[in-house]
1. Would you point out the residue of region 9-42, among those that are outside any loop (DSSP other than H, G, I, E, B) and acidic (Asp, Glu), that is nearest to LEU95 (Cα to Cα)?
2. Name the residue, out of ALA66, ALA58, that is in a helix (DSSP H, G or I), touching a strand residue (DSSP E or B) at 6+ places or on another chain (Cβ under 7 Å), closer than 28 Å to GLU186 by Cα and open to solvent by less than 40 Å² (accessible area, probe 1.4 Å).
3. Write out, first by first residue and then by second, each pair whose Cβ atoms fall under 7 Å of each other, whose residues are 6+ apart or on separate chains, and whose first residue, in region 93-104, is modelled with pLDDT of 95 or more while the second is open to solvent by 30 Å² or more (accessible area, probe 1.4 Å) and not in a loop (DSSP other than H, G, I, E, B).
4. For region 43-51, indicate whether the set of residues that are assigned to a loop (DSSP other than H, G, I, E, B), touching a strand residue (DSSP E or B) at 6+ places or on another chain (Cβ under 8 Å) and either β-branched (Val, Ile, Thr) or within 20 Å of TRP108 (Cβ to Cβ) (or both) is non-empty.
Amino acid sequence: MSEPVAGIASARRRTAVLISGRGSNMEVLLAAASKADFPAEIVLVAANRPDAAGLATARAAGVETAFIDHKPFGRDRQAFEQALDERLAAHGIELICLAGFMRILTPWFVERWLGRLINIHPSLLPSFPGTHTHERALEAGVRLHGCTVHFVEPEVDAGPIIAQAAIPVLPGDTPEHLAGRVLVQEHLLYPRALALVAGGAVRWQAGRAEFGPGADATSPDAAFAVPAGAVPA
């Protein structure tokens, strides 16, 4: 599969979104990709659960869907991923976005898609990898919290950072309140990050995110954003 050249326009990249549930981030990616000038075209939404509500949402948007049940594969995670990989190959997929895909991917799959597989995580990585990020942020007493889009590498939540968005942790915040405010930023950030990768402005290079001419590493689109008006006077 060919890689885009930074700063040079190319055909829209054929993209798959992997989900396990409702896929609210999938919905904003679909909305962004519905515009003809968006550099990624979402051609497949795949899930490992038959009741993933996002499948119906994708079908309603005219996007092809696939269900690959992980249960028949038992503990053989790579066998499941090989079946998934075959479906991706059949659709000519070039990029993959994880959007609430509740499976830890094996090194086999990650290495196969290295530099073409991105994820969004609800914390400012490298802080708080894993689960329960909002509870842990409050327990740690951090003043800023947020979300990160990153390239996926074999170590969980440890790949090169593509983009981040930050919000202040406010007095009286609960995990639920914090999660809701972070989710707003996820929905803003993920389409921007996908556009950077699909357009060739950011690419994986030797374990780092390399920013080309089309990405300003100091801008909210590419690096670190505190939304205007988010910090109380």
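The values are calculated or read from the model by the stated rules, or taken from the named source; none is laboratory data. What you see is a predicted model, and the numbers here were worked out from it, not measured in a lab. All Cβ positions, glycine included, derive from the backbone under ideal geometry; neighbour counts span all protein chains shown. Side chains are part of the model used for accessible areas, which takes the heavy atoms of the whole protein and leaves out ligands, DNA and RNA. Shrake-Rupley method; radii C 1.70, N 1.55, O 1.52, S 1.80 Å.
1. GLU41
2. Testing whether each residue is in a helix (DSSP H, G or I), touching a strand residue (DSSP E or B) at 6+ places or on another chain (Cβ under 7 Å), closer than 28 Å to GLU186 by Cα and open to solvent by less than 40 Å² (accessible area, probe 1.4 Å) leaves just ALA58.
3. Short answer, once both residue conditions are applied: ILE93/ARG14; GLU94/ARG14.
4. Yes.
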